[in-house]
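Trainee: This is the structure, below, for whatever I ask next.
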Amino acid sequence: MTSDSGDQVPAQTTTIVIMGASGDLARRKLIPSLCSLFCKGRLGPEVRIVGMARTRQTEQQFRESLAEGMEEFAHFSPGSDAWDEFISRVGYCYGDVTSQDDLENLDETLRGIESPGQPANRLYYLALAPSLYGPAVLNLGATGMARETGCWRRVVIEKPFGSDLATAQELNQVVHSVFSESQVFRIDHYLGKETVQNLLVFRFANTIFEPIWSRSYIDNIQITVSETVPVSERAGYYDQAGVLRDMFQNHLLQLLTVVAMEPPSNFQADLLRNEKVKVLNAVRRPTLIEHGGTRGNHETSRIAVTGQYGGYLDEPGVPSGSRTPTYAAVRLDIDNWRWQGVPFYLRSGKALEDKRTEIIIQFRKPPHMMFAHEITANILAIQVQPHEGLHIEFQAKTPDEKMEMRPVDLEFHYEDSFGGMDLPDAYERLLLDAMNGDASLFTRSDEIEEAWEIIDPIIQSLPAPDHYNVGSRGPEAADDLLAKDGRRWLDPHSRF
Ligand code: BG6
């Protein structure tokens, strides 16, 4: 979201090269998002898309498979004329990213379609298995395809970026040996979600919230990303990753940074990311919670609870006896002036009772109650998805009663306030930003490494996960994590 990049249409020759184009991401997300941008007039006439993959298929077969993907996954129908026009801009090139010859061949194909005399701008999108990021980047370097001579060349790298701090550092080194940081766009699709961007507007384009956005008024913050889907056919990847690598190191920590960061002086990529890095840097490292002398495992287990849903071990591809957590709840503390003493409780899991991403700010109770009445503290609930919007709960007097009161709800919902406007998919925003060279909503190398530094020790010292039932709220131990701090999860049904 920049600097209104959303309204800019890339006018120069730009080729989006999807590497790993026969995979799920291209069909499920990238092509529907690009088609939607095209229909909204946001892909200039000179923008083309070339898919590269190891599948031997003709351009026609590739286009047909994308059409099927649209039917299955897109939230809109472009209509046949628009689709025909869009798909006529999509080409296919067979190739293996680990082969320099294949990349040279791709380079030649791209040169063939780039307009002579126009800058040959390229966005390489690595929709690949993570183990191929390094080889693909090195081969882009070796073939000279990363060189910016009178044009720009950028690379978009999907998550997971590394599987721990050491591998993320290695990958950053490889990437920096070929691309400068300004050419690199590490994607975290949560930052492309409208509500997450709105959080920046909510905090920094209003004056009424920021003065109370600190330890003086806030008791605790809860970030929940709950999913109903099980792991299913992704077990091969997921069992290696587990929920802490799959969701916490990226999406949940990104949400935390947007909630907790200081206001940057300008909406500019590096200023924004500097503030996010400062927050991550101030997150107390789990291994440092050891002032009492007891170390590591014991202390980490005080701040992290994990679970595995019943039946996970029966998913095809999950090794027997796997201890991979499909759920985690973690308490983090931020050691700075604004947040000292305010716990951030993060949780996420698969196969839970509902699909919901929500950030709850629980305020403190009034310092003194003049009413002889037990009350709940004010809550601000930011609903990232679904029903995007926010709620503020406050006490109101019950009419016609003595001095009785109960919490009531002040709501804002996108569908009511911006009726008729569809919320764009996160990938639309991010693809457009990458084409416009705006990295504000992408993760910088130092951010990625800070995040691993927080998550690594938790992963290293996890006990066996607790069992939880499919369709439940997760393991009971997650409630105990808050109960021992005298708090509870503020789920929608337990708020009033
Ligand atoms: C992905 C994870 O990054 O995010 C998935 O790999 C998860 O496991 C997905 O399901 C959730 O994204 P969203 O946008 O559906 O909340």
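Trainee: Read through the list (1) at pLDDT below 95; (2) within 28 Å of the chain's Cα centre (by Cα), then give the number of the only condition that Pro32 fails.
Mentor: (1)
Trainee: What is the one condition in (1) modelled with pLDDT under 95; (2) under 25 Å from Ala351 (Cα atoms); (3) surrounded by fewer than 17 Cβ atoms within 10 Å (Cβ to Cβ) that Thr228 does not satisfy?
Mentor: Evaluating Thr228 over (1) modelled with pLDDT under 95; (2) under 25 Å from Ala351 (Cα atoms); (3) surrounded by fewer than 17 Cβ atoms within 10 Å (Cβ to Cβ) leaves (1) as the failure.
Trainee: Search the range 392-408 for residues being over 28 Å from the mean Cα position of the chain (by Cα) and in contact (Cβ under 8 Å) with a residue 60 or more places away in the chain, and hand back the single one that is most open to solvent (accessible area, probe 1.4 Å). Don't jump to the end; show me each part of the working.
Mentor: To start, the set of residues in the range 392-408 that are over 28 Å from the mean Cα position of the chain (by Cα) comprises 394-408.
Narrowing further to those that are in contact (Cβ under 8 Å) with a residue 60 or more places away in the chain: 406-407.
On the way: Arg406: 133, Pro407: 23 Å².
Out of the qualifying residues, it is Arg406.
Trainee: Mind checking which residues of the range 199-236 are within 16 Å of the ligand (Cβ to nearest atom) and free of Cβ contacts under 8 Å to residues at least 24 places away in the same chain?
Mentor: So the first thing to find is which residues in the range 199-236 are within 16 Å of the ligand (Cβ to nearest atom), and the list is 199, 223-236.
Of everything in the range 199-236, just one residue is within 16 Å of the ligand (Cβ to nearest atom) and free of Cβ contacts under 8 Å to residues at least 24 places away in the same chain, namely Arg234.
Trainee: If you don't mind, there's one more thing I want to ask. For Glu450, state whether it is modelled with pLDDT of 90 or more, part of a helix (DSSP H, G or I) and open to solvent by 20 Å² or more (accessible area, probe 1.4 Å). Even if it seems obvious, please write down each step before you answer.
Mentor: Numbers: modelled with pLDDT of 90 or more: yes; part of a helix (DSSP H, G or I): yes; open to solvent by 20 Å² or more (accessible area, probe 1.4 Å): yes.
Taking the combined requirement at face value, the residue satisfies it.
Trainee: Moving to a separate point now. Considering only the range 387-407, I want to know if a residue exists there that is more than 29 Å from Ser265 (Cβ to Cβ) and within 16 Å of the ligand (Cβ to nearest atom).
Mentor: Within the range 387-407, one or more residues are more than 29 Å from Ser265 (Cβ to Cβ) and within 16 Å of the ligand (Cβ to nearest atom).
Trainee: I would also like to ask the following. Looking at (1) in contact (Cβ under 8 Å) with a residue 24 or more places away in the chain; (2) surrounded by fewer than 19 Cβ atoms within 10 Å (Cβ to Cβ), which is the only condition Leu430 fails?
Mentor: (2)
Trainee: Any residue in the range 62-75 that is touching a Leu at 6+ places or on another chain (Cβ under 9 Å) and surrounded by fewer than 16 Cβ atoms within 10 Å (Cβ to Cβ)? Lay out the reasoning, then the answer.
Mentor: Of all residues in the range 62-75, those touching a Leu at 6+ places or on another chain (Cβ under 9 Å) come to none.
No - not one qualifying residue is present in the range 62-75.
Trainee: Picking from Ala26, Ala21, which residue would you name as being within 29 Å of Ala146 (Cβ to Cβ), touching a residue at least 60 places away in the same chain (Cβ under 8 Å) and assigned to a loop (DSSP other than H, G, I, E, B)?
Mentor: Values: Ala26 fails: assigned to a loop (DSSP other than H, G, I, E, B).
Answer to the check: Ala21.
Trainee: Which condition breaks for Ser461 when tested against (1) at pLDDT 90 or above; (2) open to solvent by less than 60 Å² (accessible area, probe 1.4 Å); (3) of a type outside the set (Asp, Glu); (4) in contact with a helix residue (DSSP H, G or I) (Cβ under 7 Å, 6 or more places away or on another chain)?
Mentor: Ser461 satisfies all of (1) at pLDDT 90 or above; (2) open to solvent by less than 60 Å² (accessible area, probe 1.4 Å); (3) of a type outside the set (Asp, Glu); (4) in contact with a helix residue (DSSP H, G or I) (Cβ under 7 Å, 6 or more places away or on another chain) except (1).
Trainee: Sticking with this one: Just to verify a result, which residue in the range 163-194, among those that are open to solvent by 20 Å² or more (accessible area, probe 1.4 Å) and not in a helix (DSSP H, G or I), is nearest to the ligand (Cβ to nearest atom)?
Mentor: This residue is Lys193.
Trainee: Select from the range 141-154 the residues that are hydrophobic (A, V, I, L, M, F, W, C) and either within 16 Å of the ligand (Cβ to nearest atom) or touching a helix residue (DSSP H, G or I) at 6+ places or on another chain (Cβ under 6 Å) (or both) and list them in ascending order. Break it down stepwise before answering.
Mentor: Here is the first cut: in the range 141-154, the ones hydrophobic (A, V, I, L, M, F, W, C) are 142, 145-146, 151-152.
Those that are hydrophobic (A, V, I, L, M, F, W, C) and either within 16 Å of the ligand (Cβ to nearest atom) or touching a helix residue (DSSP H, G or I) at 6+ places or on another chain (Cβ under 6 Å) (or both): Ala142, Met145, Ala146.
Trainee: State all residues of the range 134-162 that are under 19 Å from the mean Cα position of the chain (by Cα) and either surrounded by fewer than 21 Cβ atoms within 10 Å (Cβ to Cβ) or farther than 23 Å from Glu46 by Cβ (or both); if no residue qualifies, say none. Talk me through it step by step, then tell me what you get.
Mentor: If we filter the range 134-162 for residues that are under 19 Å from the mean Cα position of the chain (by Cα), which is where we start, we get 155-162.
Correct list: Ile157, Glu158, Lys159, Pro160, Phe161, Gly162.
Trainee: Something else about it: Show the residue pairs meeting these rules: Cβ distance below 6 Å; 6+ apart or different chains; first residue within the range 109-126 and farther than 17 Å from Ala434 by Cβ and open to solvent by less than 60 Å² (accessible area, probe 1.4 Å); second residue at pLDDT below 90 and not aliphatic (A, V, I, L, M).
Mentor: Glu114/Thr13; Ser115/Thr13
Trainee: Then there is this: Leu423 passes all but one of (1) open to solvent by 30 Å² or more (accessible area, probe 1.4 Å); (2) closer than 15 Å to Asn220 by Cα; which number fails?
Mentor: (2)
Trainee: For the range 462-482, which positions are on the phi > 0 side of the Ramachandran plot and touching a Lys or Arg at 6+ places or on another chain (Cβ under 8 Å)?
Mentor: If we filter the range 462-482 for residues that are on the phi > 0 side of the Ramachandran plot, which is where we start, we get 471, 474.
Gly474 - this is the single residue of the range 462-482 that is on the phi > 0 side of the Ramachandran plot and touching a Lys or Arg at 6+ places or on another chain (Cβ under 8 Å).
Okay, residues lined up against (1) open to solvent by less than 60 Å² (accessible area, probe 1.4 Å); (2) within 16 Å of the ligand (Cβ to nearest atom); (3) at pLDDT below 95; (4) over 24 Å from the mean Cα position of the chain (by Cα):
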position	(1), (2), (3), (4)
Ser301	yes, no, yes, yes
Tyr309	yes, yes, no, no
Val330	yes, no, no, no
Trp339	yes, no, no, no
Leu346	yes, yes, no, no
Ala351	yes, yes, no, no
Glu358	yes, yes, no, no
His368	no, no, yes, yes
Phe371	no, no, yes, yes
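Trainee: Which number in (1) more than 13 Å from the ligand (Cβ to nearest atom); (2) open to solvent by less than 20 Å² (accessible area, probe 1.4 Å); (3) in contact with a helix residue (DSSP H, G or I) (Cβ under 7 Å, 6 or more places away or on another chain); (4) in a helix (DSSP H, G or I) marks the one condition that His251 misses?
Mentor: The failed condition is (1).
The values are calculated or read from the model by the stated rules, or taken from the named source; none is laboratory data. Just so you know, these numbers come straight off a predicted model, no measurement behind them. With ideal geometry, Cβ positions are generated from the backbone for all residues, glycine too; neighbour counts draw on all protein chains shown. Remember, those area values only see protein heavy atoms, side chains included, never the ligands or the DNA or RNA. Shrake-Rupley method; radii C 1.70, N 1.55, O 1.52, S 1.80 Å.
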